[in-house]
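So the structure is just underneath, and the comments pick up after that.
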Amino acid sequence: MDSVDQGLVHALQLDGRAPFSQIAKVLEVSEQTVARRYRKLRSTGAIRVVGGADGARLGYTSWTIRLRTTPDAALALGTALAGRADTFYVHLLSGGTEISCFTQARLEAGEASLLDRLPRTGKVLGLSAHSLLHGFVIPGGWAGLAVLDEERAAQLRFAARPEDQVTADAADHALLEALAADGRTDCAELATATGWSESTVRRRLDHLRRSGALLIQLEFDPRALGYRAQARLWMSVRPSGLVAVAETLATHPEVSFVGVTTGATNLMAEVICRDNADLYRYLTERVSSLEAIQTMETGPVMRTLKRIGPPG
């Protein structure tokens, strides 16, 4: 990608619904250029803007799941998981015999969830589920996409107000569903999808985004952007150093996600590197210097079946 493409990708990371006219002004190119570059990047699968609910703001608990399967079942099971509305970041790992994904559930409300069904699924050889207690950085905020200086980034960055009361309910389902398919769907189309007026759509959309209940996020394919090595890390960290290690990892440009979890390991991260040599250097030079890390497992991402929005 050239500098315009890179600037456009960073702009959409800062605000996935920013008007092309605003992005064009910041990048100092024409609006037509921005629209054309966006269509090209989206059509090739390099990027996509999607809307997703922040489950923590709506009473859900997030879980990270690891599955070991027979080699012949991994792809079919992973594809089935990717087709569910309650899964995110579904990856095939470790030669195609392991699946890793996230899910959300309100177990205390007696809600049926993926966690109820997986133990009864055939050809699953092993399963572990860990509750995500706190996230320090999420994929949508990956520093590897940042190319704009702070002055230009500040003109585009969307600011939520998480302290606002969240009032998302069943009436918002059609709105959220439309945005999950395309986070840049215009208000006229959203009005058709919901049966609301355009003014109501704008008001509800602004409320859900400002409250933090709705996240408009940039999905990206690391390989299409020149990053060919991706891995998930599961670490056991000395409790007294857990937060410090998580905060340190969150500053590394290679890290797209890091969160504290329950379970035998208490810290999970996802890293994106240029190639395996870069990944090797990162693990042996950057991660190895963090003395509070006691053990670490690495699962190379072989294939991504789903990120945030529905596959397509």
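Tell me, what is the per residue accessible area of the range 12-112 in Å², probe radius 1.4 Å?
44
Could you tell me the accessible area of residue 68 in Å² (1.4 Å probe, neighbours in place), rounded to the nearest ten?
Surface accessible to solvent at residue 68 totals approximately 130 Å².
Suppose each label sits 7 Å from its Cα in the direction of the beta carbon; what would the residue 22-residue 125 distance come out to in nanometres?
5.0
Can you give the net charge of the other residues whose Cβ lies under 10 Å from the Cβ of residue 307, counting K and R as +1 and D and E as -1?
On the way: positive: 48, 306; negative: 219, 221.
That sum, taken over residues with Cβ under 10 Å, equals 0.
Given N residues in the chain, what is Rg(Cα) / (2.2 N^0.38 Å)? Mind showing how you got there, number by number?
On the way: Rg = 19.7 Å, N = 312, 2.2 N^0.38 = 19.5 Å.
Against the compact-globule rule of thumb, the ratio is 1.01.
Taking amide H positions as placed in the peptide plane 1.01 Å from N, state which residues far from residue 237 in sequence (5 or more) or on other chains have amide H under 5 Å from it.
The answer is 266, 267, 294.
Normalise the Debye intensity by I(0) for the range 32-105, one equal point scatterer per Cα, no solvent, then take log10 at q = 0.18, 0.19, 0.21 Å⁻¹ and round to two decimals.
-0.83, -0.86, -0.92
By the scheme Lys and Arg +1, Asp and Glu -1, what is the net charge of all other residues having a beta-carbon under 10 Å from that of residue 26?
With Lys, Arg at +1 and Asp, Glu at -1, the neighbours total 0.
In the range 30-91, carbon and sulfur make up what percent of the accessible area (probe 1.4 Å)?
About 55 percent, which is the carbon plus sulfur part of the accessible surface.
Over the range 128-223, average the accessible area per residue using a 1.4 Å probe and give it in Å², no decimals. Could the numbers behind the result be given before it?
Working: 4840 Å² over 96 residues.
Per-residue accessible area for the range 128-223 comes out at 50 Å².
Rounded to whole Å, give me the distance from the Cα center of the range 242-312 to that of the range 1-78.
20
How do 43, 236, 94, 100 stack up against each other in accessible area, from largest to smallest, with a 1.4 angstrom probe? Before the final figure, lay out the partial values.
On the way: 43 95, 236 25, 94 50, 100 0 Å².
Solvent-accessible surface, decreasing: 43, 94, 236, 100.
First compute the accessible area of the range 172-300 with a 1.4 Å probe, then give the percent of it belonging to carbon and sulfur atoms.
That fraction is 50 percent.
Using a simple spin-label model with points 7 Å from Cα along the Cα→Cβ vector, what separation in nm is obtained for residue 224 and residue 303?
Label at residue 224, label at residue 303, 1.8 nm between them.
The values are calculated or read from the model by the stated rules, or taken from the named source; none is laboratory data. Keep in mind the model is a prediction, meaning the values are calculated, not measured. Neighbour counts are summed over all protein chains in view; Cβ atoms, including those assigned to glycine, are modelled from backbone coordinates with ideal geometry. Just the protein is used for accessible areas: all its heavy atoms, side chains included, with ligands, DNA and RNA removed. Shrake-Rupley method; radii C 1.70, N 1.55, O 1.52, S 1.80 Å.
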